[in-house]
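Chemist: Just passing along the structure, written as structure tokens.
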């Protein structure tokens with residue numbers, strides 16, 4: 001009986017420590033994702049997200065695009081890289097984003113498309129290839145606040161550190177609890193395996 005009580009005690013301790021680590025990690029993600037660094041950069045990288053099933057832009061995508069548009073109009077970024085492949089119902093995220101930015105007056109020559117990326121790792125790898133080929137020195141990443149830390153991790157692991165970031169700071173009671181679990185697991189998966 002004593003043996004089982006000891007095992008139970010260690011199990012509860014492990015569960016508590018994992019929960020405590022999850023809370024600390026989540027607070028770090030929120031803090032990192034809501035701090036803006038919009039010093040001038042060569043390029044802004046807008047990370048795609050799923051469109052609506054009818055092919056229209058989701059609110060999340062619109063928020064990201066409007067941030068990128070504002071940075072471009074203010075002269076804080078010179079080029080905009082749209083990163084996102086095929087999403088809902090066969091629509092390409094980066095093509096949808098490009099159409100929106102052109103309709104808002106962004107010059108086609110200032111938009112770079114990455115329509116092959118299917119996940120954060122591919123977004124980062126493809127953008128780094130474009131950045132290196134064009135000799136860009138600084139970038140600003142644009143995504144949701146909870147995604148910023150994982151994106152930075154991927155750039156850092158690949159030796160690129162001159163990164164600013166900005167997010168829409170939009171909080172959703174409906175989605176955020178599930179997203180924090182996904183980001184917690186995703187961060188460490190990317191840390192150890194990518």
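The values are calculated or read from the model by the stated rules, or taken from the named source; none is laboratory data. Values in this document were obtained by computation on a predicted structure and should not be read as measured data. For neighbour counting, all protein chains shown are included, and Cβ atoms are generated from backbone atoms with ideal geometry for every residue, glycine included.
Chemist: Which of the residues spanning segment 128-166 are part of a helix (DSSP H, G or I), touching a helix residue (DSSP H, G or I) at 6+ places or on another chain (Cβ under 9 Å) and under 18 Å from residue 42 (Cβ atoms)?
Modeler: 128, 151, 152, 155
Chemist: Within the bounds of segment 32-55, is there any residue that is farther than 13 Å from residue 167 by Cβ, in contact with a helix residue (DSSP H, G or I) (Cβ under 7 Å, 6 or more places away or on another chain) and assigned to a helix (DSSP H, G or I)?
Modeler: no
Chemist: While we're on this one: For segment 63-85, how many residues meet the condition of being more than 20 Å from residue 127 (Cα to Cα) and either under 14 Å from the mean Cα position of the chain (by Cα) or not in a helix (DSSP H, G or I) (or both)?
Modeler: Total meeting the criteria: 3.
Chemist: Next question. Of the numbered conditions (1) more than 26 Å from residue 132 (Cα to Cα); (2) within 19 Å of the chain's Cα centre (by Cα); (3) buried (at least 16 other Cβ atoms within 10 Å of the Cβ); (4) modelled with pLDDT of 90 or more, residue 44 satisfies every one except a single condition; which is it?
Modeler: The failed condition is (1).
Chemist: Right, something else. Of all residues in segment 112-125 being at pLDDT 95 or above and closer than 12 Å to residue 158 by Cα, which is surrounded by the fewest Cβ atoms within 10 Å (Cβ to Cβ)?
Modeler: 125
Chemist: State yes or no: is residue 105 over 21 Å from residue 127 (Cα atoms) and either in contact with a helix residue (DSSP H, G or I) (Cβ under 7 Å, 6 or more places away or on another chain) or surrounded by fewer than 11 Cβ atoms within 10 Å (Cβ to Cβ) (or both)?
Modeler: When the stated conditions are applied, residue 105 passes them.
Chemist: Output the qualifying pairs, or none if there are none: Cβ atoms under 8 angstrom, residues six or more apart or on different chains, first residue in segment 17-31 and touching a residue at least 24 places away in the same chain (Cβ under 8 Å) and at positive phi, second residue surrounded by 14 or more Cβ atoms within 10 Å (Cβ to Cβ) and in a helix (DSSP H, G or I).
Modeler: Pairs that qualify, where the first residue is touching a residue at least 24 places away in the same chain (Cβ under 8 Å) and at positive phi and the partner is surrounded by 14 or more Cβ atoms within 10 Å (Cβ to Cβ) and in a helix (DSSP H, G or I): there are none.
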